[in-house]
């Protein structure tokens, strides 16, 4: 499992950072998922090996433009590049209405089906290698966090339990091992009860804009990675609160309390510049978070990749 | 007067070319005008010295996404960068409806007034250093060409004519020299009739997508520069016609017949690659146009500048 950041600036793009977009890539690179799609996301994708044909689904965290203005262009380009496979779009309902309006007024033509699922009503969703669920955040517009939990992890059959349950060796054992529930003599047997997991399923939580990290307390349980905005540093706490954003210390303190092993900060205000000797600097964000967080702290930057190995550690 | 190309690809961006946007910069760099605004135009602007605060107006040639998807983001960024001065937007009506829908659904907030003028009803428009007029083109969607003609060129007063007309020396002469029509003894006197121009006013014609260059015959009279799409080469003539586009030979032949002194081709299909030894290559477009056009032929590329001097020649 891999995270590839395609945009890490808040509000407007800068020369070094595009507005928000994150790619979550499945193990074995079967499919990938896009979380948020700020303007220019398709341009960023051009500079990676990602293909719009293997895009499994898009998730939008909230309706602000720096998280969704890239949608019409990306969808149009997917069509022009020959995509015909349906595409799942999980987003607030207003996004569906906006895309409908764009299709009607600006003649956006899509040669593939768009399966829209509204964030407001998202069920626990099984998609590719992941089970996805949602948490509500606090921002100026309704904003959501999505968690991506591995559906299948390497596991061996619990032979003893199988024998006790009277499930005969053969095709039924094969199905259970493949992660398929079975019915035997009229009774259903969930596969998970007959597997011995070698590793815990990996879980990544990716958040939209949010001024209250503590809302994620339960949602972060068992997560390996929390990706959270850190638009500002503490000296801008008042502005952060007014704009519905978080600052570094606030997010990192939460991650410390919630015992999140890996914290990746992103969505930095353009005021935090790259390069040594600049003020304020992106290093200020890092130092502030580091001062209160003892886990594995990472600051995202455009095109930075984070590979999560099977044990739940960054490679 | 200067043209700065911000995007020269048709349909989708490539690694080397963004989708369409052209900056027309006034003499003395007082203001600039944006013609079309494909996705990522604000990103391209970041790599120039242009400021969204000195943007005089935006002109959209037609509603296709590769010419307008950058609008919401660019307008939002202008606001975030502190723009408060009203901004004129000349575009097909559907663009106004789409922006209204975006403002309502995606909470696009603009701290400045947007003066919308619909292309369908564009009067002869005086704006900054230019008089702008419009011509209808032929494409899958209604598409327009805009001409930008210098309003004020260096000129001296025609003293003899002034005396014959009985206009007394004094403030009225000053107004005429400044390019202002006057009223004297109940009669209106247009300034242009009392000025002796040292140079002809410069004129640039910038076109939207178009499969019929000959529609521009009258519109191009006295133009120094014609900027026209050349999406394809002649071997793709059938596809070009089907998609409502032009090919190099077609445009260049027209420019030759119309005696346009400078022809700038742009809006190239992503199939025409940069670099030597590629097939098909952007050089194919150049060679094909050159074979039928004896004027000053230029191929646009992203960030390429064309300065037009007072005599109407490229610097």
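The values are calculated or read from the model by the stated rules, or taken from the named source; none is laboratory data. Please read all numbers here as calculations on a predicted model, not as lab measurements. In this analysis, Cβ positions are derived from the backbone assuming ideal geometry, glycine residues included, and neighbour counts consider all displayed protein chains.
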Just give me the residues in region A:53-74 being in a loop (DSSP other than H, G, I, E, B), touching a strand residue (DSSP E or B) at 6+ places or on another chain (Cβ under 9 Å) and facing chain B (nearest Cβ under 10 Å), in sequence order.
A:62, A:63, A:68, A:69, A:70
List the number of the failed condition for residue A:153; all other conditions in (1) more than 16 Å from residue A:63 (Cα to Cα); (2) away from chain B (no Cβ under 14 Å); (3) outside any loop (DSSP other than H, G, I, E, B) hold.
(3)
Only one of B:55, B:71, B:75 is closer than 26 Å to residue B:309 by Cβ and touching a residue at least 12 places away in the same chain (Cβ under 8 Å); which?
B:55
The lone condition residue B:1 fails out of (1) under 16 Å from the mean Cα position of the chain (by Cα); (2) within 12 Å of chain A (Cβ to nearest Cβ) is (2)
Scanning region A:14-52 for residues that are in a loop (DSSP other than H, G, I, E, B), in contact (Cβ under 8 Å) with a residue 60 or more places away in the chain and crowded, with 23+ Cβ neighbours inside 10 Å, which turns out nearest to the other protein chains (Cβ to nearest Cβ)?
A:18
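Residue by residue, here is whether (1) loosely packed, with under 14 Cβ neighbours inside 10 Å; (2) part of a helix (DSSP H, G or I); (3) in contact with a helix residue (DSSP H, G or I) (Cβ under 9 Å, 6 or more places away or on another chain) holds:
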position: A:164; (1), (2), (3): yes, yes, no
position: A:176; (1), (2), (3): no, yes, yes
position: A:210; (1), (2), (3): no, no, yes
position: A:214; (1), (2), (3): yes, yes, yes
position: A:220; (1), (2), (3): no, no, yes
position: A:227; (1), (2), (3): no, no, no
Could you tell me whether residue B:77 is within 11 Å of chain A (Cβ to nearest Cβ), more than 25 Å from residue B:18 (Cα to Cα) and surrounded by 18 or more Cβ atoms within 10 Å (Cβ to Cβ)?
no
Under the condition of being surrounded by fewer than 20 Cβ atoms within 10 Å (Cβ to Cβ) and over 20 Å from the mean Cα position of the chain (by Cα), which residue from region B:106-130 is farthest from the other protein chains (Cβ to nearest Cβ)?
B:113
Breaking point among (1) free of Cβ contacts under 8 Å to residues at least 60 places away in the same chain; (2) not in a strand (DSSP E or B), for residue B:90:
(2)
In this structure, does residue B:126 turn out to be in the same structural domain as residue B:83 (by TED's automatic domain parsing), at pLDDT below 95 and either in a strand (DSSP E or B) or closer than 30 Å to residue B:82 by Cα (or both)?
yes
